[in-house]
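The values are calculated or read from the model by the stated rules, or taken from the named source; none is laboratory data. Since we're looking at a predicted model, the values are computed, not measured. When we count neighbours, we look across all protein chains shown, and the Cβ atoms used for this are built from the backbone with ideal geometry, even at glycine.
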Amino acid sequence: MNPTMVALTIISIIVATGSFIGLYAGTRRKMDLEQWIVGDRGFGMLLVWLLTAGEIYTTFTFLGASGWAYSKGGPVLYILAYQPLTNVVAFFVLPQVWEVARKYRLQTQADFFQVRYNNKYLSAFVALVGIVFIIPYLQLQLTGLGMIVEVASYGAIHRTPAMIVAFMIVAAFVLTSGIRGVAWVSVLKDLLLLFAAVFIGLAIPYIYFGGIGKMFAELVRVRPTHLVMPGATANLGHSWYISTVLLVAVGFYMWPQFFGASFSAKSSDTLRRNAVVMSFYSITVPLMFFVGLAATLILPGLPNGDLSMLTLVRKTFPAWFLGLIGGAGALTAMVPAGVMILTAATLFAKNMCRTILFPQMTDEQVGRLAKISVLVITIAALCSAIYSSTTLVSLLLVGYGGVGQFFPGVILGLYSKRVSTRGIFAGIVTGVLIFIPLMVTKHDPVLGLNAGFIALCCNLIVVAAVSYFKPAEAGGFHEPLHASIGS
């Protein structure tokens with residue numbers, strides 16, 4: 001059997017196995033809206049860990065981290081800095097968010113804003129912004145998946161048909177099993193990803209250089225500026241690094257899919273324990289850096305740095321192993337994409353259509369509309385992925401700049417009774433209206449700072465000013481929500 005067929009066979013087996021698991025997960029449960037979105041709030045430590053890891057460790061980790069290590073150098077180290085900080089935020093904030101969600105039966109991030117600030121237009125706007133910035137993250141998964149299948153099949157399958165087929169499968173198990181299906185597929189995906197990251201990250205430096213230390217010594221000799229700021233870039237210096245770390249650290253769990261997935265836990269302690277153990281998962285990231293850095297010496301001049309890891313694996317290992325890596329990579333795209341599609345569809349159906357247009361809709365009708373929306377959102381992300389060539393890490397940073405604008409509304413909603421609905425609404429609008437033009441016109445960084453961080457600072461200033469002159473209105477919650485937690 002030729003190498004192409006060997007690799008494709010293994011990829012197909014892995015994807016088919018993952019698809020079966022995802023479809024089977026919902027066969028013995030009635031998929032009402034509560035079960036479909038938050039798994040009936042019954043996930044224990046293992047499922048929460050797998051679901052969280054499945055959403056976090058995506059093609060961004062698998063391809064983007066190694067790609068930026070290859071093409072950018074030093075700036076990629078921001079990933080190592082923000083990860084421990086996000087777990088600190090998760091430890092202190094998510095359990096309190098969960099308590100509120102349990103008490104008021106929240107299902108989405110926009111529900112939180114609706115209950116806390118008692119304003120349906122704010123809730124709908126939060127849903128709209130969430131959907132808009134989930135699309136680049138979905139595009140990241142699609143683009144990465146297409147790259148993986150194309151390289152792993154030795155070019156026999158073009159990335160566009162690969163993306164279409166894979167996301168038809170994703171849509172199928174999302175429609176059938178909801179968030180539970182995604183969590184179950186994460187079991188297979190995480191086992192393969194951990195094996196692939198650890199083996200490749202250690203094997204490549206030893207095969208080509210005799211060890212990790214010797215690889216770095218050679219890199220310092222050949223490309224001494226690659227490992228320090230701003231690396232191979234002109235403007236991603238220390239100010240950009242610090243501002244990006246801060247933005248991503250506070251914005252990480254502001255992603256609607258991460259925020260909403262926390263509602264599926266069966267207790268707040270489950271989320272605290274999960275925040276502790278998630279730090280151990282971060283060991284996979286520097287291993288991907290090693291592969292990207294090794295590729296700068298072994299495969300100089302690649303037109304697309306995001307392909308460095310796969311190209312190096314194809315050059316180094318036999319076809320069956322490339323197929324195994326390709327299958328693992330495909331699942332790292334499909335699993336998080338499933339949660340993103342589910343979240344975006346629910347935000348549209350529940351927090352935009354029902355909240356603003358059709359308040360008389362029942363949960364059953366919302367569920368049907370959300371499942372129709374799954375297909376629409378999948379097609380939108382496919383079109384975006386097919387016609388765009390943005391790097392994977394850049395796509396992710398676009399999303400962070402948008403969803404990071406929710407941070408003041410969540411944190412102040414939990415801890416302050418003075419913040420007003422008008423202030424939060426004005427702050428989010430300000431942040432988004434500053435960030436989007438900067439990104440569209442490619443003015444990022446601005447004065448050396450991450451554009452999303454600048455937008456977030458302006459957001460906070462507006463929230464403080466408006467809340468000072470226009471105090472909290474009647475309705476909603478005006479005592480800090482954390483005051484009732486644990487009582």
| query | Hey, any hits in the stretch 71-89 for a residue that's buried (at least 20 other Cβ atoms within 10 Å of the Cβ), at pLDDT 90 or above and touching a His at 6+ places or on another chain (Cβ under 6 Å)? | reply | yes
| Unmet requirement for Leu142, which otherwise passes all of (1) over 30 Å from Pro286 (Cβ atoms); (2) within 20 Å of the chain's Cα centre (by Cα) | (1)
| Is it the case that Phe280 is under 22 Å from Leu47 (Cβ atoms) and part of a helix (DSSP H, G or I)? | yes
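Being under 16 Å from Gly409 (Cβ atoms) and over 21 Å from the mean Cα position of the chain (by Cα): is that true of Val446 here?
Values: under 16 Å from Gly409 (Cβ atoms): no; over 21 Å from the mean Cα position of the chain (by Cα): yes.
For Val446, the condition - under 16 Å from Gly409 (Cβ atoms) and over 21 Å from the mean Cα position of the chain (by Cα) - is not met.
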| task | Kindly indicate the residue of the stretch 204-231 that is among the hydroxyl-bearing types (Ser, Thr, Tyr) and closer than 23 Å to Leu310 by Cβ and also surrounded by the fewest Cβ atoms within 10 Å (Cβ to Cβ) among those meeting that condition. | result | Tyr206
| query | Looking at this structure, is Arg102 more than 21 Å from Ala249 (Cα to Cα) and surrounded by fewer than 21 Cβ atoms within 10 Å (Cβ to Cβ)? | reply | yes
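Let's see how each residue does on (1) β-branched (Val, Ile, Thr); (2) touching a Gly at 6+ places or on another chain (Cβ under 9 Å); (3) modelled with pLDDT of 90 or more; (4) in a helix (DSSP H, G or I):
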{"site": "Ser19", "(1), (2), (3), (4)": "no, no, no, yes"}
{"site": "Gly22", "(1), (2), (3), (4)": "no, yes, no, yes"}
{"site": "Leu94", "(1), (2), (3), (4)": "no, no, yes, yes"}
{"site": "Trp98", "(1), (2), (3), (4)": "no, no, yes, yes"}
{"site": "Leu106", "(1), (2), (3), (4)": "no, yes, yes, no"}
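Just a yes or no: is a residue in the stretch 204-227 without any contact (Cβ under 8 Å) to a residue 12 or more places away in the chain, within 29 Å of Ile11 (Cβ to Cβ) and more than 24 Å from the chain's Cα centre (by Cα)?
In the first step, residues of the stretch 204-227 are kept if they are without any contact (Cβ under 8 Å) to a residue 12 or more places away in the chain; the result is 206, 210-211, 213-214, 217, 220-221, 224.
The next check asks that each one be within 29 Å of Ile11 (Cβ to Cβ); those that pass are 206.
Restricting the remaining residues to those that are more than 24 Å from the chain's Cα centre (by Cα) gives 206.
Yes, the stretch 204-227 contains a residue that is without any contact (Cβ under 8 Å) to a residue 12 or more places away in the chain, within 29 Å of Ile11 (Cβ to Cβ) and more than 24 Å from the chain's Cα centre (by Cα).
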| query | Here are some conditions: (1) surrounded by fewer than 24 Cβ atoms within 10 Å (Cβ to Cβ); (2) within 24 Å of Phe321 (Cα to Cα). Met147 meets all but one. Which one does it not meet? | reply | (1)
| message | If I ask for residues that are among the hydrophobic types (A, V, I, L, M, F, W, C) and either without any contact (Cβ under 8 Å) to a residue 24 or more places away in the chain or on the phi > 0 side of the Ramachandran plot (or both), which ones from the stretch 169-202 would you list? | response | Leu191, Phe199
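In the list Leu460, Leu481, Leu438, which residue meets the criterion of being modelled with pLDDT of 95 or more and either crowded, with 18+ Cβ neighbours inside 10 Å or of a type in the set (A, V, I, L, M, F, W, C) (or both)? Show your work before the answer.
Values: Leu481 fails: modelled with pLDDT of 95 or more; Leu438 fails: modelled with pLDDT of 95 or more.
None of the others qualify; the one that does is Leu460.
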| query | Any residue in the stretch 466-478 that is hydrophobic (A, V, I, L, M, F, W, C), at negative phi, at pLDDT 90 or above and over 19 Å from the mean Cα position of the chain (by Cα)? | reply | yes
| Within the stretch 343-364, can one find any residue that is outside any loop (DSSP other than H, G, I, E, B), buried (at least 23 other Cβ atoms within 10 Å of the Cβ), among the hydroxyl-bearing types (Ser, Thr, Tyr) and out of contact with any Leu (no Cβ under 7 Å at 6 or more places or on another chain)? | yes
